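Student: First the structure, which I've put down as structure tokens, then a few questions once you've had a look.
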Amino acid sequence: MAAAPSGPSAPVPGGASPGAVAVWEWQDEFGKWRPYQGSVCSYIEQSFQASQQKGKRLGPGPANSSIPLGHADAMLAPYVIDISSLMQFRQDTGTMRAVRRHLFPQDSAAGQGVIWEWQNDEGGWSPYEMNVSVFLEQAYSSGHQHVDLGPLGYNYDINLISQVQTNKTTLYRRSIQRRLDTPYPVTAATGPLHTSMACSCQQCLLNSGTGPITTRYRHSINLPSSSAVPQVSSRTTAVSSSGLGFVPYNKPALSGSRSTPRLNTHGAWALPQPASMGGPSTGGPSAGQPVSNGVSVPNLPVVMPKSSKVNQALAAASTEPELVVRKYLEELQDAPPDEDCIICMEKLASPSGYSDAYECKTIRPETVGRLAKCQHTFHLLCVLAMYTNGNKDGSLQCPSCKAIYGEKTGTQPKGKMEVSTFPRSLPGHEDCGTIKIVYHISRGIQGPEHPNPGMPYTARGFPRYCYLPDNEKGKKVLELLKVAWKRRLIFTVGTSSTTGESNTVVWNEIHHKTEMDSNLSGHGYPDPNYLDNVLAELAAQGVTEDCLRP
């Protein structure tokens, strides 16, 4: 089936006057929305409109509610979108992801086919979610030189002249680019348009995944969707190989066929029983034929890895989440300050926004506490939800200033770190030799701390070779990297920014130089700021010189 025409000249379904372009996006396990390509969105929108029209003719109930994406792009053959539940289902693994549809003005970046992208850790380019692209294009067209993405929930400054993104906490810099692609499909404007900063569309106000709903930061908890396959975040903050430090999060507003999951006091998700998403699958239809009425969710066998000391420690820590919260937060006895809890975005004087999704007998929804060192204040129940959804390693990280309480550990799979030196110098460091680090990680089965426990994960590109100058500062970085390796912070299991592959080993916010002689890709030398940058990134993970003292 050919993709629907797109761009300003494309006909509007139903003969309505042109007024908007439709952008479809899917949500990865870190809470980040990834736009489908314009041509794929055209096919999704065409199928969506056909489903809506047929539903009107047949009356209540779903009609042709599943969309096989392989018809738009052969690379997407395993994926099907179920319209009735707004979920993307991967048929070969059973993985399910939320999807959303936003309407943008025709004169926006989406309507013009303008895509803004950032350079990922593998040297490729990843698109910003569409509302960010729209915002950047508005600023670019207005002649602004600098843009703060804070109002959109991201901790970045953007220089539109030098096309550089800077993390405001770590000062790590990435290249960005603006390019033209296929415009997104024109459709009928059936409601308020998504207009970046001033957006008032119901999806943003109620239950969209991210977007410029507020000028305040939102902490990412990545609560699992109400699917048969639980999506468990592996971190207290949303971190992937993308380098996004803040990922906005909206509390789920689930209704209809979606059942609300609940947390018990031990931090385990109680999910609805598996059920089909609209009926049994009939397999992918041939081009031009009606799509199937739904996709059945397979009962996948779950084989958990053998218990390890790390898993045992995590399990032990997870049994006492309330003790961890009370260890680091002092309960306020006076009236709370007149401000919002940045985790649930409710007033501190009001009950926690997670009181309807989290069951706890010892912490009341209205209880407020203050972190000891940084003095930031939150609902205790919100911090408990954040901790329970994270690594449960006995540490906390302030969602406001990122201060770490306790010893933070990550979710890096088992592997080996080897170190050697040789006399050849790196560009920019001609006065010393070179330290070579080799990381070995093999494929395996995800543990309880990973996004999809019991499922396999891949380990592409290993062994990975990395280089440091063999001077005083380089040796200090090496020792701190050894600490980070022992704490499982250098890699994690997630989605590759380059290939989009899920359940694979990716870098985890501590950048490495993987090339020696050229820095054209950003992963080599010379780079006079690299050692300072990586020291800042290590410190953001709680790995500082204090860790090297006896």
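The values are calculated or read from the model by the stated rules, or taken from the named source; none is laboratory data. It should be emphasised that the depicted structure is a prediction, and the values quoted were computed from it without experimental measurement. Cβ placement follows ideal geometry from the backbone for every residue including glycine, while neighbour counts extend to all protein chains displayed. With ligands, DNA and RNA removed, areas are computed over all heavy atoms of the protein, side chains included. Shrake-Rupley method; radii C 1.70, N 1.55, O 1.52, S 1.80 Å.
Student: Specify which of the listed residues (Ser65, Ser42) is of a type in the set (Ser, Thr, Tyr), at pLDDT 85 or above and crowded, with 23+ Cβ neighbours inside 10 Å. Steps first, please.
Tutor: Numbers: Ser65 fails: at pLDDT 85 or above.
Selected residue: Ser42, the only one of Ser65, Ser42 that is of a type in the set (Ser, Thr, Tyr), at pLDDT 85 or above and crowded, with 23+ Cβ neighbours inside 10 Å.
Student: Any idea which of (1) among the aliphatic types (A, V, I, L, M); (2) at pLDDT 50 or above; (3) closer than 14 Å to Glu129 by Cβ is the one Ile213 doesn't satisfy?
Tutor: (2)
Student: Taking the residues in region 323-343 that are open to solvent by less than 40 Å² (accessible area, probe 1.4 Å) and more than 18 Å from Gly353 (Cβ to Cβ) as candidates, determine which candidate is modelled with the lowest pLDDT.
Tutor: Taking the candidates together, the pick is Val324.
Student: Something else: Of (1) under 26 Å from the mean Cα position of the chain (by Cα); (2) of a type in the set (Gly, Ala, Ser); (3) in a loop (DSSP other than H, G, I, E, B), Ala536 satisfies all except one. Which?
Tutor: The failed condition is (3).
Student: If you scan region 120-146, which residues turn out to be in a helix (DSSP H, G or I) and either open to solvent by 60 Å² or more (accessible area, probe 1.4 Å) or of a type in the set (A, V, I, L, M) (or both)?
Tutor: Of region 120-146, the ones in a helix (DSSP H, G or I) are 130-141.
Met130, Val132, Val134, Leu136, Gln138, Ala139, Tyr140, Ser141, listed by residue number.
Student: Pull up region 370-409, narrow it to residues that are among the basic types (Lys, Arg) and in contact with a strand residue (DSSP E or B) (Cβ under 9 Å, 6 or more places away or on another chain), then point me to the one that is surrounded by the most Cβ atoms within 10 Å (Cβ to Cβ).
Tutor: Quick first cut of region 370-409, residues among the basic types (Lys, Arg) only: 370, 373, 392, 402, 408.
Next cut, in contact with a strand residue (DSSP E or B) (Cβ under 9 Å, 6 or more places away or on another chain) only: 370, 373, 408.
Numbers: Arg370: 16, Lys373: 11, Lys408: 23.
Out of the qualifying residues, it is Lys408.
Student: Give the residue that is least open to solvent (accessible area, probe 1.4 Å), with candidates limited to residues of region 163-184 that are farther than 22 Å from Gly113 by Cα and part of a loop (DSSP other than H, G, I, E, B). Give the steps one after another, and end with the answer.
Tutor: First, the residues of region 163-184 that are farther than 22 Å from Gly113 by Cα: 166-174.
If we keep only those that are part of a loop (DSSP other than H, G, I, E, B) too, we end up with 168-172.
Details: Lys168: 66, Thr169: 77, Thr170: 21, Leu171: 107, Tyr172: 38 Å².
Of everything passing the filter in region 163-184, Thr170 is least open to solvent (accessible area, probe 1.4 Å).
Student: How many of the residues making up region 347-362 are modelled with pLDDT under 90, in a loop (DSSP other than H, G, I, E, B) and surrounded by 15 or more Cβ atoms within 10 Å (Cβ to Cβ)? Steps first, answer last, please.
Tutor: So the first thing to find is which residues in region 347-362 are modelled with pLDDT under 90, and the list is 353-362.
Add one more test, that the residue is in a loop (DSSP other than H, G, I, E, B), and what stays is 353-357, 359-362.
Narrowing the set further to residues that are surrounded by 15 or more Cβ atoms within 10 Å (Cβ to Cβ) leaves 353-355, 357, 360.
Residues that pass the stated criteria total 5.
Student: Out of the residues in region 458-496 that are among the aromatic types (Phe, Trp, Tyr) and surrounded by 19 or more Cβ atoms within 10 Å (Cβ to Cβ), state the one that is nearest to His523 (Cα to Cα).
Tutor: In the first step, residues of region 458-496 are kept if they are among the aromatic types (Phe, Trp, Tyr); the result is 462, 465, 467, 485, 491.
After this cut, where a residue has to be surrounded by 19 or more Cβ atoms within 10 Å (Cβ to Cβ) as well, the list is 467, 485, 491.
On the way: Tyr467: 10, Trp485: 20, Phe491: 17 Å.
By that ranking, first place goes to Tyr467.
Student: Based on what the data block shows, is Asp121 at pLDDT below 85 and of a type in the set (D, E, K, R)?
Tutor: Details: at pLDDT below 85: yes; of a type in the set (D, E, K, R): yes.
The answer is yes for Asp121.
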